[in-house]
């Protein structure tokens, strides 16, 4: 009976000492001071305790760091145009989704949604009307419509530009000289910002 009590007492002391060692980070020398080697039954060395603590720390630091963010300006035929923050390596589809998705009038086939995005990029989603004009320009050999040199027929291929508006553009050039920038086309009567938004991706000077 006395031996059993003694063994129980030793076990209780050993558990308390091990907890104290783990909390204080004691070394092997400290274990000897507490007399771990003198206890009955199998013991746990200080090296094993230190090793367990190192494993726990290593496990906590093994999580992968999140990728850095890039900022992309998504505009055109999307629900919420503006600057969106995306993880580095994101594709154009992620940018469109972050901007609320495409509008009903968006030309989803014109933009390569699998294309990777870069920081500071502008992602423009054309409307169906704009996409048609862009595809026609691509089929004609590519390039933008030069509003300083284009004739009436070429100007009429632009969205929102009919024969009357094309004549106004030509008349403005004849009276005021060449346009200095594509924004100057809004100086032509009848061409406001809403029309310019449809034209800006298609024209040059």
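Values in this text are rule-based calculations from the coordinates and carry no lab data. For clarity, every value in this text was computed on a predicted model and none was experimentally measured. Reconstructed Cβ throughout: ideal geometry from the backbone, glycine too, with neighbour counts over all protein chains shown.
General remarks:
- For 196, 179, order by how many other beta-carbon atoms lie within 10 Å, fewest first: 196, 179
- Taking one quarter of the surface of the convex hull spanned by the alpha-carbon atoms of region 150-205 gives a direction-averaged projected area of 3.3 nm².
- Residue exposure sequence - 165, 80, 91 - by fewest surrounding Cβ within 10 Å: 80, 91, 165
- Neighbour-count ranking [beta-carbon atoms within 10 angstrom, fewest first] of 198, 122, 135: 122, 135, 198
- Maximal additional length on extending the residue 135-residue 85 stretch stands at 15.0 nm, based on 0.36 nm per residue less the C-alpha distance.
- Amide N proximity, region 173-198 versus residue 105 label position 7 Å along Cα-to-Cβ, cut-off under 19 Å: 186, 190-198
- Region 96-123 residues near the modelled residue 71 label - backbone nitrogen below 20 Å, point 7 Å along Cα→Cβ: 96-100, 117-123
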